[in-house]
Amino acid sequence: MLGRLNHVAIAVPDLAAAVALYRTTLGVEPSDPQALPEHGVTVAFVDVGNTKIEFLEPLGEDSPILGFLANYPAGGMHHLCYEVEDIIAARDHLTEQGARILGDGEPKIGAHGKPVLFLHPKDFNGTLIELEQV
Ligand SMILES: CC[C@@H](C(=O)O)C(=O)SCCNC(=O)CCNC(=O)[C@H](O)C(C)(C)COP(=O)(O)OP(=O)(O)OC[C@H]1O[C@@H](n2cnc3c(N)ncnc32)[C@H](O)[C@@H]1OP(=O)(O)O
Ligand SMILES: [Co+2]
């Protein structure tokens, strides 16, 4: 069911500082920041060849990453995103297996303009998983 690792997300308190750090110390060119109010985050991506790094900064008072950053104020690894061919088939299979789909269970359009869903970290070894239909 799982395809490629699409991205590894890092939640940060200051997106501009995180992007500048990667640019100057690691010599990569992050994408321009993109505000996604529906997801409560502003994002920027770095393409590292075999996958991408997604930086997440909270956007708004209901941002889903505020709790995580309260636990890890300097930032930290937030989620893995796996590609799937059919997100509804994947969701229904995972639900049958007892995994919890976060939110209302319906895909939202993610940062790449494709449908995404999130799986509860407590059902996957303490790791938040995003699925993206490709
Ligand atoms: C840009 C769009 C999209 C893309 O296209 O790439 C994105 O990536 S958007 C990214 C941001 N959106 C989301 O993360 C949506 C899904 N997340 C959520 O719904 C919530 O963040 C959450 C996972 C339900 C956590 O909510 P929160 O309020 O912070 O905490 P809880 O108290 O409900 O947490 C329960 C439990 O889980 C632990 N936790 C929380 N976040 C993580 C995490 N990222 N990785 C691992 N574990 C996590 C939290 O510590 C709690 O544990 P206990 O204290 O042991 O109960
Ligand atoms: Co993501």
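Scan around residue 7 for amide H atoms under 5 Å from its own, H built in the peptide plane at 1.01 Å from N, and keep only partners 5 or more places away or cross-chain.
52, 81
For a paramagnetic label modelled at 7 Å from the Cα of residue 134 toward its Cβ, which residues of the stretch 4-37 fall within the zone defined by backbone nitrogen distances under 14 Å?
Under cut-off, by backbone N: 4-8.
Helix 15-26: angle to the longest alpha-carbon principal axis of the chain, degrees 0 to 90, nearest 10?
Taking the Cα atoms of the chain, the angle to 15-26 is about 70 degrees.
Please work out the Kirkwood hydrodynamic radius for the stretch 5-133, using every pair of different C-alpha atoms, and report it in angstroms with one decimal place.
15.2
Would you please give the residues with an amide H less than 5 Å from that of residue 108, counting only those at least 5 places away or on a separate chain, with H modeled from the backbone geometry?
Answer set, sorted by chain and number: 116.
For every helix of n ≥ 4 consecutive DSSP H residues, a contribution of -39,500 (n - 2.57) applies; sum these over the chain, divide by its total residues, and give [θ] at 222 nm rounded to the nearest 500 deg cm²/dmol.
Taken over the chain, the calculation gives -6000 deg cm²/dmol.
Got a sec to turn the phi values of the stretch 63-70 into Karplus ³J(HN,Hα) couplings, 6.51 cos²θ - 1.76 cosθ + 1.60 with θ = phi - 60°, whole Hz, x for Gly and Pro?
4, x, 9, 5, x, 4, 6, 5
For a quick check: with amide H placed at 1.01 Å from N, whose amide H comes under 5 Å from residue 102's, ignoring anything fewer than 5 positions away on the same chain?
When sequence neighbours closer than 5 places are left aside, the close amide H contacts are 118, 119, 120.
So, counting K/R as plus one and D/E as minus one, what does the shell of residues with Cβ under 11 Å around residue 111 add up to?
Overall, the nearby charge balance is -1.
Taking the Cα centre of the stretch 5-133 as origin, work out the dipole magnitude from +1 charges on Lys and Arg Cβ and -1 charges on Asp and Glu Cβ, in debye rounded to 20.
So the dipole magnitude of the stretch 5-133 works out to roughly 320 debye.
Determine the sum of side-chain charges near residue 101: Lys and Arg each +1, Asp and Glu each -1, restricted to other residues whose C-beta is under 10 angstrom from that of residue 101.
Surrounding charge for residue 101 is -2.
If you average the sequence gap of Cα pairs under 8 Å that are 6 or more apart and divide by the length of the chain, what percent do you get for the contact order?
So the answer I get is 26 percent.
Figure the gain on full extension for residue 125 and residue 85 (residue separation times 0.36 nm, minus the Cα-Cα span) and round it to one decimal in nm. All intermediate terms of the calculation are to be shown ahead of the outcome.
Working: separation 40, 0.36 × 40 = 14.40 nm, distance 2.34 nm.
Once the chain is fully extended between residue 125 and residue 85, it gains 12.1 nm.
Step through the residues of the stretch 83-92 one at a time and calculate ³J(HN,Hα) from phi using the Karplus curve (6.51 cos²θ - 1.76 cosθ + 1.60, θ = phi - 60°), rounding each to whole Hz and writing x for Gly and Pro.
7, 9, 7, 9, 6, 6, 4, 5, 4, 5
Near residue 132, within a Cβ-to-Cβ distance under 9 Å, what is the net charge of the other residues, with Lys and Arg +1 and Asp and Glu -1?
Numbers: positive: 114; negative: 83, 130.
Net charge in that neighbourhood comes out at -1.
Bear in mind these aren't lab numbers, they're just calculated from the coordinates by the rules spelled out. A quick note: this is a predicted structure, and the numbers were derived from the prediction, not measured. FYI the Cβ positions are ideal-geometry reconstructions off the backbone, even for glycines, and counts take in every protein chain you see.
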